[in-house]
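The block underneath contains the structure these notes are about, expressed in structure tokens.
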Amino acid sequence: MHHVKKWFCYFAIFYLFIDSCVADSTAPEHVQGAQTIDTLTAKLFFDQKIPFIDVRKYEDFIAGHIPGAYHLSIKSDFDELRLRAIVDKESPVVIYCNGIYCMGSSIAAQKAVNWGWKTIYYYREGIPAWKNNEYPIQAQQN
């Protein structure tokens, strides 16, 4: 029994260590070749009908996203061909995910820059800040 308690303690310490490491990792403030925008600027671009790309998982997207946003999950279908089907390389586009603790939008922005997109707006604050400002949210209808 003492052996089990000992292993449980090791597991608990390991879990807490990993959990704290994950919680401390924040998305980069800047992506080379992209422009980081805040929530007020994102809303301005939304009002100007600039396309938004939501790179979160599908379940998050259908639960609530920026109205009119396109869904390209960074983990499954964010690629050059699908992005080009939404917006050409000369046109501006906003990329977002689940806020500063989500790496998806920074990864997607860097990929888009590398593929040759000229005007990438990296909305680092993402959907949490959008909701906090009480801007519109669209949920998928079943």
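Read-outs: derived from the displayed coordinates by stated rules, not from any lab. A quick note: this is a predicted structure, and the numbers were derived from the prediction, not measured. Cβ coordinates were reconstructed from backbone atoms using ideal geometry, including for glycine residues, and neighbour counts include every protein chain displayed.
Stretching the chain fully between residue 134 and residue 29 yields a gain of 35.5 nm (0.36 nm per residue, less the alpha carbon separation). Going from the residue with the fewest nearby Cβ atoms within 10 Å to the one with the most, 40, 81, 72 rank 81, 40, 72.
The overall shape of the range 28-122 is rounded: from the C-alpha gyration tensor, with semi-axes ordered a ≥ b ≥ c, the ratio a/c is less than 1.5. Cβ crowding within 10 Å, taken as a proxy for footprinting-reagent exposure, orders 119, 26 from fewest neighbours to most as 26, 119. Taking amide H as placed 1.01 Å from N in the peptide plane, residue 52 has its amide H under 5 Å from the amide H of 70, 94, each at least 5 places away in sequence or on another chain. Between residue 119 and residue 81, the distance separating the two model label sites (each 7 Å from Cα on the Cα→Cβ line) works out to 2.8 nm. Quick check on the range 75-117: take the gyration tensor over C-alpha atoms, sort the square-rooted eigenvalues as a ≥ b ≥ c, and tell me if it's rounded (a/c under 1.5), prolate or oblate. Prolate, because a/c is 1.5 or more and a/b exceeds b/c.
Here the Karplus relation 6.51 cos²θ - 1.76 cosθ + 1.60, evaluated at θ = phi - 60°, turns the backbone of the range 79-85 into coupling constants of 9, 4, 5, 5, 5, 5, 5 Hz, with x for every Gly and Pro. Could you sort out which of 49/89; 57/131; 89/131; 49/118; 43/118 sit more than 22 Å apart by Cα distance in this structure? Long pairs (Cα-Cα over 22 Å): 89/131.
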